[in-house]
Amino acid sequence: MKAAKLTLGELREAIYAGATETIKSLIKAGALAKNNMSKLLADAVIANRTEIVRLFLEAGADPNVTVSNPDEGQRGLTPLMLSVDLPEKIEIVRLLLQHGANPHLATNKGNTALYDAVDCGNQEAAKLLLEAGCKPTGPILLGPVYRCEVELVKRLIAAGANLEAVGTSNTCLTGRTALEGAVGDRVNDAALLREMEKNNQSGREAMTPERIKSMAWIKTKSLASLEIIRELVKAGARLDFPSSLNSPLYCAAQSGDLAVVQLLLQAGANPNAAPGSYYTPLQAATRGGFIEIAGALKAAGAK
């Protein structure tokens, strides 16, 4: 098959097959127009063909060409957005930025390359995009908070992420802010650990190596949640009833989390904030038998 007679479909097949030498020969022979290379750039990115991406960019392909994804109703997807789904594509992210990819472009749904990188948990790509000046938008913090990605949370906060964005049905932490989510996850982890320890002591469940490993992972995750809570509080996250009836302080007091209670009180959380017609944090701590927490709340003015 002669190079000059390759159709776009055949060129896409060559890209997905990783036929780098074929593409190189076509470019050298002048058999690929720039507009065709631009159209094919997205395919090379999706296929994770780093060298083909490099060839196209060096030959003048437009790094900001856009494509659509009809299945998801998205228009305006750029090669940069398509490069952040997998950590293995990090060199492609670098190449695109080096050749003028605009990190600020957004799809018709408002998603940017940074939003997609964070959503995919691609921390290295997110770091590169933040360094390129990309600004965090929307409820971008919620995914990293849910996954306990401390360093990414710090970077996003430093870049100005919205601390009060509330999760939707399309995001993590539906109906909650980042602080509520972090406190809630720590509460849930503590409850799970208590249940596992209780079952072990009663002989209901044996302490197998897998169970020990699972408990260690939960403890590590809980410590990460505490660090995230500390960062959110330090950055000025709203402490009292950010979006729901249960304040973070109430949740922490009810579950016996002294570390979080102390952190929130030191930051100025209202010790008497009661969720609707329910108990105050002090009443919740007293009912739970958490004497030290009750003392901390009284010292802060709880009644």
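Considering all projection directions equally, how large on average is the shadow of the alpha-carbon convex hull of segment 3-135, in square nanometres? The partial results should precede the final answer.
Numbers: hull surface 29.8 nm².
Result: a mean projected hull area of 7.4 nm².
Between their Cα atoms, which of Lys109/Lys234; Lys198/Lys221; Lys127/Lys234; Lys154/Lys219; Lys198/Lys303 are more than 23 Å away from each other? Pairs exceeding 23 Å: Lys109/Lys234; Lys198/Lys303.
For segment 11-85 versus segment 259-303, the inter-centroid distance based on Cα atoms is 57 Å.
With a/c under 1.5 counting as rounded, go ahead and sort segment 148-259 into rounded, prolate or oblate using the C-alpha gyration tensor (a ≥ b ≥ c being the square roots of the eigenvalues; past the cut-off, prolate if a/b is larger than b/c, else oblate). Since a/c reaches 1.5 and a/b is larger than b/c, the shape of segment 148-259 is classed as prolate.
Compared with the dominant principal axis of the Cα atoms in the chain, helix 209-234 is inclined by about 90°. Each principal axis of the Cα atoms in segment 183-228 has its own extent, and those three values, largest first, are 34, 17, 10 angstrom.
I need the per residue convex hull volume for the chain, using only the alpha carbons, in cubic angstrom as a whole number.
On the way: hull volume 46.9 nm³, N = 303.
Per residue, the Cα convex hull of the chain comes to 155 Å³.
Mean residue ellipticity, 222 nm, helices only, the chain: the sum of -39500 (n - 2.57) across DSSP H runs of n ≥ 4, divided by residue count and rounded to 500, is -16500 deg cm²/dmol.
None of the figures in this text is laboratory data; all of them are computed from the coordinates on show. The model shown is predicted, which means the values in this text are computed figures rather than measured ones.
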